[in-house]
Every structure is written in C-alpha cells, then in structure tokens.
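Worksheet: one structure, shown below.
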C-alpha cells in the first residue's frame, strides 16, 4: 500500500520490486492473513461460548425430561375384608389400626395374579421379593384410599401404583441388566417380568403430576419425590422479598435520586450499595445466620428468614434499576409540576414515580428471578437437609414453619447420589428455569410495552 | 399485651387521629377549605403520623433490647457451678427460655392456671412431660435452678411487657394530643408530613449501610470469638485443614492456606477459560459483528449469566465431571481419581464468567472514541492492527477492572465448588485432583449446626471474613480503575 508512495531509489540501491495493484505482495498477504486469523479467533470465541450454552441446555433437557414421566403398575387389588376390617363394622378407627404392613400381602397377591395372567413364570416364591418392583410407598397409597372409602372393602379395586425407582430406571434405559449385577434391590428376573407386564399394558409410563405437586420423599423412595412443597417454600420467600425489597428499594432510590444532597452521607450510601451488589452471596448467608437466627432467634429453615436474607441480597439490584428508570424521566416533567405549585414530594409521588413504574417493575422482576435461583445463602440458614415432606398448614406456617426452596431441594437431591435422584434434580432445574424464563419474558414484555422514549 | 396487639391499637389510634385532625382543621376555618394552608388530608396525616411513628419506633427498639436485658439479668441467676464455658451457659439459657415459653404456652392452653405455673416445682410434677404435651421438647431433666431462672424470666418479661404497653400508650397519646393542639388553619401540615416522609426515605436508603454494618459486625464478633478459642497464628500459617468433630478444640488443625490455595487455583483455571473467550467475543461483537449478529449473539451469551449457579453446579457434577474423567481418568491418561476436581469446577466456573468478561469489556471497548480508530485506519492499519495497537491499549485499564470483577466473582462462588471441587483440602499442583475452597468449607462447617460454641463452627466466620475482605478489596480496586478510566474519555 504505502510502498507505492516512495519514489524510485529512495533508499539507494534496492531494486524496485514491481508490484501490481491486482497481486498482493508478501507483506500485505501476511497482514491480511493476520487480519483473517484475528477475526477467526473472535468467531471461534463466540462459537465456543454458544456451544457451551447449547451443551448446558441440551444436557438439562435430555437428562431432565425423564423426571416428568413415571412408571406405574396398574393392579386389581382385592381389598379383603378379613384383612382390613375384621369386625366388619366399617369402623374407621378399626380400619386405621391396620398399618401399611397389613396391605402388603394384598398388593403381592394382586401382582402375582397380574404376572400369572401374562403367562410368564413367576420365579419368586416370597411376596417380599416380588414387591421390590413396586414403590415402598404404594401400600400407603392403598391404605389412604381405603380409609377414605371404607365401603370399598371386600371389593376388587383397580389401583395405579408407582413402580420402584429401579423398574422406572429400566424403562428409561437408566438401569441395565449389567448394572443390576451389583444392585441387590432388583434382579434380572424382575426385568423379565417387567418386560412381560409392559407388553401386557400393566406397566405403563405416564405423565408424572406428582413430581410437580408432590412433596419430597425419603432417600430410599426417589420415585415418590416431588418438588411441590419446596416450590411453595420458594413462593413464600418471594412474597417476603417482594414485600420488603420493593418498598425499601423504591424509597431508597427516590431519596438518592431526587432528594439527597451532595454530601458525605450520600456518598457513603452509594459506596455501600455498589459494594453490596458485589459481595458474595454466601456472605449474606452468614449475615442471615448471625443476625436472624443467632441474634433474633427466628426459626431455622423458615421461608421468612430465607426471604429476609434474599431481600438484602436483591436490594442493590432493585435500587440500581429503579434509579436508572427515575433518571430516565425527563426533568421537564418535574419542572412542569413544580411550576403549577406542586411541592417536591408531590412532584415525585404524583408524576415522576408513576412514569418510572414500568422500569421499576421490570427491575423488580429481574431481581426476584435472581433471588429465586439463589442457593448458597439458603444452605447456611438450614434449608438443606430439611426434608420438605408436608405442605404447610396455613399461611402463617407457610412463612414460619421449616420448609425447603426449589434450588435447595435440587441441591438436596443432587447430594443423595442416586441416579434416580439425579434425574429428579435435572427435572427440578427444568421447572426452575421455566420460572426464571417466564419471569424474564414478562420483564421484557413490560419493558417493550410500557417503555417510553422521551 | 403482645407486640402484635399493641401495633393494632396504635394503628387504630392513628386512624382515629386522622379523622379527628382532618375534622379539626376544617372546623378551625369554618369549612372554608381555601383558607387552610394545606389540603385537609395533610392535617389528618400529621396527627396520625405523630401518634403512630414515635410509638412504633420505641416499640421496635424495645422488642430488640428487652430480651437482651432480661437475658443478661437472668443469666446471673444461674449458679456458676452449672457451666464452665460461655457456650454451656448459652445452652442452659436456651433451656431456660424454652421452659419459660413452655409454661406460658401451658397457661394459654389451659393446662395450668396462672398460680400453678408460677408455683410449680420440679419435685412435685413431671415438668418435662408436661411441657412435652404443649409441644416444647426438652433434652434433659430440668434442673431446679433452671426452673427458678425461668420463673424469674417469666416475671421479668411480664413486668417488661406491662411497662412497654404503658410507655407506648403514653407516647402515642402525647403525640396525638400535641398534633391535635397544633392543628389550625395556619399550621403548615404539608411541610410537616413531607418532612416525615423524607425521614422514611432516608431510613430506607440507610438500610444499605445497616446491611454492611450487620455483615461486618456479625463477622467480626464471631471471628474474635474464634480467635479466642483457636490461635490466630495457626489459622494463618498451618498447612493442614483437618477439623475434628468428636472432641472440642485442640484436636483440630484449621489452617487457612490449603483452602486459599484451592480457591485461587480454581479461580485461575476459571479465568484462563473465561478471559480469552470473553475478551475475544467482546472484541468481535464490538468491532466486527454487524448489528444483526450482535443482536443475536450478545443476548445468547448473556443467558449464561442469568442461569442460577445451582444449575452450573449440577452441570459440573454430572456432565463435565464424568466427561473429564473419561478422558483424564484411569481409562485415559490416569491423572484423575474422581469426577470432582479443580478442573471440573474451574471449567464450569469459567463458562459462568464468560458473559461477565464479555459484557463489561464490550461496554469498555465501545467507550473508546471512534476518532482513535479513524486515526489508525487513516495511517493504513488493518482492523485487527487497530484493535491490537490502539483500541486494546486504550481500553486496557477497563478490561483489567472487568477481569478483577470476574475474579472477585470466582472467589466468592459457592455452589459450583461445593458440587464440583470436592471436600478434601489439599495443597497440590495437579489440576485433576479434588481440592476445596473457602466457600465450600464455610458451607460444610455451618450447615445443620446451630451451636456456635466450637472452633470448628466458628472458623466459618473467620473464613467468611477472609472472603469478604478479599472480594471487597478486589471490587473497590476494580471500581476505582473502571471509574478512573471512564472519566478519561468523557
């Protein structure tokens, strides 16, 4: 390029290389190659980032969808009167005295009968061995049904019972015959039976509503575990966050943006807010543990405490976005209001705040989404290790009684080191991400719909 | 009267005050609203505010202070031979509290009369069974002195609450009557109310300061308590991390260095992944990409920042870990023992940090004035030469700031290392070895532990303090650099 500008023999003896405008010289080629390489690095970097995203999303989806399907065994259980209600009076107290152990033989008989109907040989003589195919919670389901409908005793009723997690895993290709060799919970003979029963339509896979609405189960019964209760815990926590963080955040932003004088105190607040935004979340957990539990004696694992900790964490996010949207309201609005005699306070509350509201709501929703996915501080206030097996009794219990939260529940499942629970954890993540996605989409729609360009 | 009912009464007071204040203001000008200084509602609000706010503030302070005062006065009633350390005293005091609460509950449920409750003794009745019935579970038999302390506590709480009700009602009434007396046509009620609201706004803004103070105090007090039980020198210099949960104190060695090493090692791996990818993406997006590519690729990358860390943790544990193990494990190179390792956690953390580096650098590169690029092009430089020799040097301080912010994120990240890095503290160079970090140990030392008397639990606060100081220092430095740089081109 620039070579052409030098006249012939500018540096003495060097013979002038004849170059054409159409053919590139070596140096230009080199520079162009460097340019292309540099560009390729950029494209490669973005591609790598997107590949990571794709791998992450696909591994979530592939491993998680299984949790929404569950294997059921449909059995005709004969509710024998002599087993369940010896007196024959249908006295509910007497029926309740029969524990789940009393129901097991009935289920065994029904299962044996179903196997006999398919024509396959039953290699198990003991009901206990046969029963390994069915969830250990199945007897409780039957018992609950009988206590609810005592009149059905003596009849044969069709039940859709949960299969055990190993059978479920076999139908989802998680458990293979080889892997069962080291597993004393199920044997390959069981799988032959499962194959036959599946062919006969007794063993079926169906959509698993219990995973979405159900409660957590003990470690040995992954097939029963659901995320419903912890979802409710998360919901109560989000209520606390919304009720505390929104008013406090908006009030603080109004002060800082509209009233605060330029002085040391204001600077102190600003520095604090920007630093709190970057403090690791686990430190907020330590704060919650020390202040709310150690000092104020609030109950451990309660959604109230979790909500308070998350409030402190989300406050900076909400304040930053609220200030941005207050700032975007043009000064002419304020001047007009002041001009017709409104006080400063009236100007802010009657004119500026309503105009900034869409932006504030958007920021709040994004802050809530952040809080919903946060796990680390919840570990410290005792939300992990607590088995959320019951729905809270009322609204007050919802806030005060120990509960789990969605991310804490997912962590709890991941800790249990059972492939069946891993599947639940991935499934829980799908639900969590669906919530986050819809919250973010609502925020984007709000912004698109109500954002004003002045 | 419980705090809840007091609050209801105060609210009722305020409501009555509002109506009366408004009425009195209107009456003082014979119903001619134009002669009032402020709108009538402001007069009402003023009365309500003066009746309600001071009383509620006192109530809030009282609720916090009373238990502290009663606790310290009751703990003097416990004979010194019952306990040796402060931790044991704490346990006894929580028993005392539970007995006192249980007796109150029993009276409320009608199982005891008030007289019976205050004259009960451990000889005549099985107190533990009785309290068990109202749902208060006690670990051991109740010592007579615990019961007497509980009785003292109940008496003090009762007098405290009585005084509280009286004081609060007097304050509320005083505020009410002062405000009513002030109310007249000329009174500047609006200015008064607005001053009150302003106070409220300032209070809300101060919560940020309070939070910081809360963090610092809760860390400092517990850290000092830890250093009383465990020598500070050992904490900072020991090369071993081996807490013992069987015996108390002495037996465990709690050295910070192996944890710090794990933290730094994982962060370095994460930054080695995140910085090149993030920086090159930012350069491409800012300098080369057309608006269309930019509008797709940028939000896609930023999705990575919105994914909760628990998801990354599970991804590390169940996807990346096994993947690495199949390549570097015994079937492959044989460097890796289990799926948890520095590499697993570092790689996944790096993915998480990509959008941090890329969006911040993108902003900074975009802030470099176009004139500088134009000058470079004018001299005949290619685009990549311009980026390397003009744009990047100009943006360097900002990029350093972005990397520092990402580092502070990496140091404080918890879920990924808890699930991906392992639990054993190790000083090792092999990146495929499991190591542990400061955050992971905070979690494991504090989870499920409500007794903060042992050094093994308290060490978590010292670790938290270390983490807080490290990240705070990095943030302040990063913000300083970024801010200084921004001013340069504005």
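Below is a table of values for the structure above.
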item	result
Conditions (1) in contact with a strand residue (DSSP E or B) (Cβ under 8 Å, 6 or more places away or on another chain); (2) assigned to a helix (DSSP H, G or I); number of the one not met by residue B:425	(2)
Meets criteria (out of contact with any strand residue (DSSP E or B) (no Cβ under 6 Å at 6 or more places or on another chain), buried (at least 20 other Cβ atoms within 10 Å of the Cβ) and without any contact (Cβ under 8 Å) to a residue 40 or more places away in the chain) for residue B:4	no
Condition met for residue B:149 (surrounded by fewer than 15 Cβ atoms within 10 Å (Cβ to Cβ), assigned to a helix (DSSP H, G or I) and modelled with pLDDT of 70 or more)	no
Residue count for the stretch B:202-219, restricted to those that are touching a helix residue (DSSP H, G or I) at 6+ places or on another chain (Cβ under 7 Å) and within 17 Å of residue A:284 (Cβ to Cβ)	9
Filter result (surrounded by 15 or more Cβ atoms within 10 Å (Cβ to Cβ), touching a residue at least 40 places away in the same chain (Cβ under 8 Å), touching a strand residue (DSSP E or B) at 6+ places or on another chain (Cβ under 9 Å) and within 29 Å of residue A:184 (Cβ to Cβ)) within the stretch A:140-164	A:142, A:159, A:161, A:162, A:163, A:164
Selection within the stretch B:174-190 - assigned to a helix (DSSP H, G or I) and touching a residue at least 24 places away in the same chain (Cβ under 8 Å)	B:175, B:176, B:178, B:179, B:180, B:182, B:189, B:190
In the stretch B:7-32, the residues that are surrounded by 11 or more Cβ atoms within 10 Å (Cβ to Cβ) and either more than 30 Å from residue B:167 (Cα to Cα) or not assigned by TED's automatic domain parsing to the domain that holds residue B:175 (or both)	B:26, B:27, B:28, B:29
Any pair with Cβ under 8 angstrom, 6 or more apart, that starts in the stretch A:40-52 at a residue that is more than 7 Å from every other protein chain (Cβ to nearest Cβ) and ends at one that is in a helix (DSSP H, G or I)	A:44/B:280
Residue match in the stretch B:392-404 (condition: within 11 Å of another protein chain (Cβ to nearest Cβ) and in a helix (DSSP H, G or I))	yes
Selection within the stretch A:220-262 - away from every other protein chain (no Cβ under 14 Å) and outside any helix (DSSP H, G or I)	A:220, A:221, A:225, A:226, A:262
Qualifying residue in the stretch B:476-490 (condition: assigned to a helix (DSSP H, G or I), modelled with pLDDT of 85 or more, crowded, with 21+ Cβ neighbours inside 10 Å and in the same structural domain as residue B:329 (by TED's automatic domain parsing))	yes
Single match in A:86, A:30 (criterion: surrounded by fewer than 18 Cβ atoms within 10 Å (Cβ to Cβ) and away from chain B (no Cβ under 14 Å))	A:86
Candidate set from the stretch B:281-293 (those that are buried (at least 24 other Cβ atoms within 10 Å of the Cβ) and closer than 11 Å to residue B:392 by Cβ); member that is farthest from the other protein chains (Cβ to nearest Cβ)	B:282
Residue selected from the stretch B:233-254 under the condition out of contact with any helix residue (DSSP H, G or I) (no Cβ under 7 Å at 6 or more places or on another chain) and modelled with pLDDT of 85 or more, by the criterion surrounded by the most Cβ atoms within 10 Å (Cβ to Cβ)	B:234
Filter result (within 7 Å of chain A (Cβ to nearest Cβ) and either surrounded by fewer than 15 Cβ atoms within 10 Å (Cβ to Cβ) or free of Cβ contacts under 8 Å to residues at least 24 places away in the same chain (or both)) within the stretch B:309-329	B:311, B:318, B:319
Breaking point among (1) in contact (Cβ under 8 Å) with a residue 12 or more places away in the chain; (2) within 31 Å of the chain's Cα centre (by Cα); (3) farther than 20 Å from residue A:380 by Cβ; (4) surrounded by 20 or more Cβ atoms within 10 Å (Cβ to Cβ), for residue A:272	(1)
Selected residue (only one of B:175, B:199 is on the phi < 0 side of the Ramachandran plot and outside the structural domain of residue B:63 (by TED's automatic domain parsing))	B:199
Complete set of residues in the stretch A:136-159 that are within 36 Å of the chain's Cα centre (by Cα) and in a loop (DSSP other than H, G, I, E, B)	A:136, A:137
Boolean, residue B:350 is within 23 Å of residue B:282 (Cα to Cα), within 14 Å of another protein chain (Cβ to nearest Cβ) and crowded, with 19+ Cβ neighbours inside 10 Å	yes
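The values are calculated or read from the model by the stated rules, or taken from the named source; none is laboratory data. From a predicted model like this one, the values you see are computed outputs, not experimental measurements. We place every Cβ from the backbone using ideal geometry, glycine too, and count neighbours over all the protein chains shown.
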